[in-house]
Amino acid sequence: MDINLDVRGETDTYQVKISYGGFLDIIHDQLKSNNATEVDLRMITRALITGFNRNDVYVHCSCPDFSYRFGYYATKNKINSGDPENRPSNITNPDDKLGSCCKHAMRVLNNTSWILKVATVIFNYIKYMKKYK
């Protein structure tokens with residue numbers, strides 16, 4: 001699952017991309033364990049949280065700081081969810097000791113309020129498809 005979130009920075013609005021897997025498998029397991037035939041908002045939210053906590057999470061940010069300071073490290077360590085950055089950060093992060101992502105991505109990772117918004121969008125899409133299929 002790929003999720004793109006806008007994050008307002010000091011100078012611009014950047015897009016943080018979070019990727020992780022397992023969402024559909026978790027929904028399927030929840031339906032099976034609850035003997036349910038319908039997916040509800042709570043089930044979707046739980047599956048998103050479980051997938052986020054259980055699986056590997058990949059990040060990318062459109063800000064210049066991510067590109068020039070963290071992109072190479074993220075690509076090298078296979079946590080980059082965007083285009084790979086194959087140029088080492090010899091000037092801005094020569095020893096790769098500054099961490100794995102910029103402050104915009106850290107803000108998204110530390111504040112998971114976006115999960116409920118994503119769950120609501122998925123739930124509304126399911127309701128729409130049921131109504132107009």
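Worth pointing out:
- Flag if ARG42 is within 30 Å of ASN124 (Cβ to Cβ) and either in contact with a strand residue (DSSP E or B) (Cβ under 7 Å, 6 or more places away or on another chain) or part of a loop (DSSP other than H, G, I, E, B) (or both): no
- Of all residues assigned to the range 63-79, none qualifies as being at pLDDT below 95, out of contact with any strand residue (DSSP E or B) (no Cβ under 7 Å at 6 or more places or on another chain) and under 24 Å from PHE123 (Cβ atoms).
- Screening the range 82-120 for residues that are of a type in the set (Ser, Thr, Tyr) and part of a loop (DSSP other than H, G, I, E, B) and picking the one that is surrounded by the most Cβ atoms within 10 Å (Cβ to Cβ) gives SER89.
- Evaluation of SER67 against (1) open to solvent by less than 30 Å² (accessible area, probe 1.4 Å); (2) closer than 24 Å to THR11 by Cα; (3) part of a helix (DSSP H, G or I) (one fails), failing number: (1)
- Any hit, the range 28-45, residues being open to solvent by less than 60 Å² (accessible area, probe 1.4 Å), under 21 Å from GLN15 (Cα atoms) and at pLDDT 90 or above: no
The values are calculated or read from the model by the stated rules, or taken from the named source; none is laboratory data. Just so you know, these numbers come straight off a predicted model, no measurement behind them. Here Cβ is always computed from backbone atoms with ideal geometry, including for glycine, and neighbour counts include all displayed protein chains. Calculation scope for accessible area: heavy atoms of the full protein, side chains included, ligands and nucleic acids excluded. Shrake-Rupley method; radii C 1.70, N 1.55, O 1.52, S 1.80 Å.
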